[in-house]
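What follows is one structure encoded as structure tokens, with my remarks underneath.
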Amino acid sequence: MNVREWALILFTILTQMSVGAFVVLGLVHTYALRKAGPEQADQLSDRALLAIGPVLVLGLIGSFGHLGNPLNAPRAIANLGTSWLSREIFFSVAFVVVGGVFALMQWRKVSTFAVRNIVAWVAAVLGLIAVFCMSQVYMLRTVPVWNTLTTPLSFFATTFLLGALAMGAAFVANYAYVQRKQPGCVSEQCVLLRDTARGIALSAIGLLGVQFVVIPMYVAYLASSADTAAASQLITQQYALVFVLRLALVFVGAGVFGLFVYRNAMSAGREKVLGNLMYAAFAFVLIGEVLGRYLFYAMHTGFGL
């Protein structure tokens with residue numbers, strides 16, 4: 001696999017994770033606002049918001065690696081009417097810009113909460129459209145291993161699974177920061193962290209279920225046609241170890257650690273253990289998703305002109 005394909009792995013994984021994290025952050029902030037008020041909601045989420053920007057910028061740098069020459073970027077968005085690649089880049093950049101505007105407004109508390117909330121959800125919608133466009137780039141009749149419903153399904157599963165666990169890790173880190181200022185279980189933030197961790201754990205387990213439906217569908221699809229027979233052999237022979245490791249990491253990260261996160265979030269006093277489990281869950285799933293995206297590009301067996 002060449003450098004351009006690794007750049008694509010970086011771009012797609014990090015962009016999808018950033019979009020998912022932004023959506024999850026918005027949902028958590030709305031929940032915290034209703035449960036504990038704006039001050040506590042902002043204390044939970046404002047520092048977590050800081051983590052999304054650098055990750056997304058790193059992903060966009062990866063997209064330049066795929067283009068080969070950054071000067072080609074303006075040309076890449078010149079065909080919005082006909083090219084999914086142009087739409088992907090356009091909506092990814094739009095997500096960065098609008099998300100950045102929201103972040104600035106949120107940190108500076110510019111305008112009212114209602115206005116900031118509208119800007120945030122516009123950014124979230126732009127990000128989700130970017131992920132959809134990203135999936136459509138690979139729906140090519142000349143590449144049957146990609147031209148399947150499992151491509152958009154897996155892209156969105158990755159978006160929300162990685163996004164949820166990334167935010168879980170960010171909330172844990174934020175709580176550790178707050179705790180250093182106020183040792184002990186910081187009442188409102190402790191409750192919000194545990195509530196949020198339970199929700200993220202349940203979401204991760206549910207999304208793991210989606211993954212373990214989509215992946216067998218994909219493997220069965222590869223084995224069902226002569227056009228994808230070569231890819232089927234790759235995934236069951238040459239890349240079998242990578243495939244099994246990818247499944248194991250995602251299962252342990254989202255399923256096993258997710259279950260332990262949920263159980264430890266049921267009562268106060270387990271925040272340190274909860275934090276370590278959340279970090280481990282995120283790390284395992286991130287590595288597993290990178291391996292999965294590696295296999296996605298390795299399965300490329302195009303035919304025709």
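The values are calculated or read from the model by the stated rules, or taken from the named source; none is laboratory data. Here the structure is a predicted model, which is why all the values come from computation and not from measurement. Neighbour counts run over all protein chains shown; Cβ positions are idealised from the backbone, glycine included.
Within the bounds of the stretch 16-24, is there any residue that is surrounded by 15 or more Cβ atoms within 10 Å (Cβ to Cβ), more than 21 Å from ILE287 (Cα to Cα) and modelled with pLDDT of 85 or more?
So the first thing to find is which residues in the stretch 16-24 are surrounded by 15 or more Cβ atoms within 10 Å (Cβ to Cβ), and the list is 16-24.
From what is left, the residues that are more than 21 Å from ILE287 (Cα to Cα) are 23.
In the following step, the residues that additionally are modelled with pLDDT of 85 or more were identified as 23.
Yes, some residue in the stretch 16-24 is surrounded by 15 or more Cβ atoms within 10 Å (Cβ to Cβ), more than 21 Å from ILE287 (Cα to Cα) and modelled with pLDDT of 85 or more.
Give the residue, chosen from ARG141, ARG116, that is basic (Lys, Arg), part of a loop (DSSP other than H, G, I, E, B) and either out of contact with any Lys or Arg (no Cβ under 6 Å at 6 or more places or on another chain) or within 30 Å of SER232 (Cβ to Cβ) (or both).
Working: ARG116 fails: part of a loop (DSSP other than H, G, I, E, B).
After applying the criteria, what remains is ARG141.
Could you tell me whether the stretch 142-157 includes any residue that is touching a Leu at 6+ places or on another chain (Cβ under 9 Å) and under 20 Å from GLY99 (Cβ atoms)?
Yes, because at least one residue in the stretch 142-157 is touching a Leu at 6+ places or on another chain (Cβ under 9 Å) and under 20 Å from GLY99 (Cβ atoms).
Just to be sure, is PHE243 in contact (Cβ under 8 Å) with a residue 12 or more places away in the chain, closer than 14 Å to ALA204 by Cβ and assigned to a helix (DSSP H, G or I)?
Details: in contact (Cβ under 8 Å) with a residue 12 or more places away in the chain: yes; closer than 14 Å to ALA204 by Cβ: no; assigned to a helix (DSSP H, G or I): yes.
It is false that PHE243 is in contact (Cβ under 8 Å) with a residue 12 or more places away in the chain, closer than 14 Å to ALA204 by Cβ and assigned to a helix (DSSP H, G or I).
Check off (1) over 17 Å from VAL214 (Cα atoms); (2) part of a helix (DSSP H, G or I) for ALA248 and give me the number that stays unchecked.
(1)
Within the stretch 147-202, count every residue that is free of Cβ contacts under 8 Å to residues at least 24 places away in the same chain and within 15 Å of GLN40 (Cβ to Cβ).
4
Only residues that are over 30 Å from PHE296 (Cα atoms), basic (Lys, Arg) and over 20 Å from the mean Cα position of the chain (by Cα): list them for the stretch 1-50, please.
Within the stretch 1-50, ARG34, LYS35 meet the criteria.
May I ask you to list the residues in the stretch 186-229 that are buried (at least 17 other Cβ atoms within 10 Å of the Cβ), farther than 29 Å from LEU33 by Cβ and among the hydroxyl-bearing types (Ser, Thr, Tyr)?
Within the stretch 186-229, TYR218, TYR221, THR228 meet the criteria.
Checking VAL213 against (1) touching a residue at least 24 places away in the same chain (Cβ under 8 Å); (2) under 21 Å from GLY163 (Cα atoms): exactly one of these is not met. Which one?
(1)
Can you confirm whether ALA268 is part of a helix (DSSP H, G or I), small (Gly, Ala, Ser) and surrounded by fewer than 22 Cβ atoms within 10 Å (Cβ to Cβ)?
Details: part of a helix (DSSP H, G or I): no; small (Gly, Ala, Ser): yes; surrounded by fewer than 22 Cβ atoms within 10 Å (Cβ to Cβ): yes.
No.
Which one is surrounded by the most Cβ atoms within 10 Å (Cβ to Cβ) among residues in the stretch 84-135 that are touching a Leu at 6+ places or on another chain (Cβ under 6 Å) and of a type in the set (Gly, Ala, Ser)?
Among those residues, the one meeting the criterion is ALA103.
Test each condition in (1) assigned to a helix (DSSP H, G or I); (2) under 23 Å from SER45 (Cβ atoms) for VAL210 and report the one that comes out false.
(2)
Kindly provide the set of residues from the stretch 174-185 that are in a helix (DSSP H, G or I) and either crowded, with 16+ Cβ neighbours inside 10 Å or of a type in the set (Gly, Ala, Ser) (or both), ordered by number. I'd like the intermediate steps shown before the answer.
Initial filter on the stretch 174-185 (in a helix (DSSP H, G or I)): 174-181.
If the condition is that a residue be in a helix (DSSP H, G or I) and either crowded, with 16+ Cβ neighbours inside 10 Å or of a type in the set (Gly, Ala, Ser) (or both), then ASN174, TYR175, ALA176, VAL178, GLN179 are the ones that fit.
Would you be able to tell me the number of residues in the stretch 44-83 that are surrounded by 16 or more Cβ atoms within 10 Å (Cβ to Cβ), part of a loop (DSSP other than H, G, I, E, B) and at pLDDT 75 or above?
Looking only at that region, the number is 2.
Table: residues versus (1) within 25 Å of the chain's Cα centre (by Cα); (2) modelled with pLDDT of 95 or more; (3) not basic (Lys, Arg).
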site: THR158; (1), (2), (3): yes, yes, yes
site: GLY163; (1), (2), (3): yes, yes, yes
site: ALA176; (1), (2), (3): yes, no, yes
site: PRO183; (1), (2), (3): no, no, yes
site: ARG198; (1), (2), (3): yes, yes, no
site: ILE215; (1), (2), (3): yes, no, yes
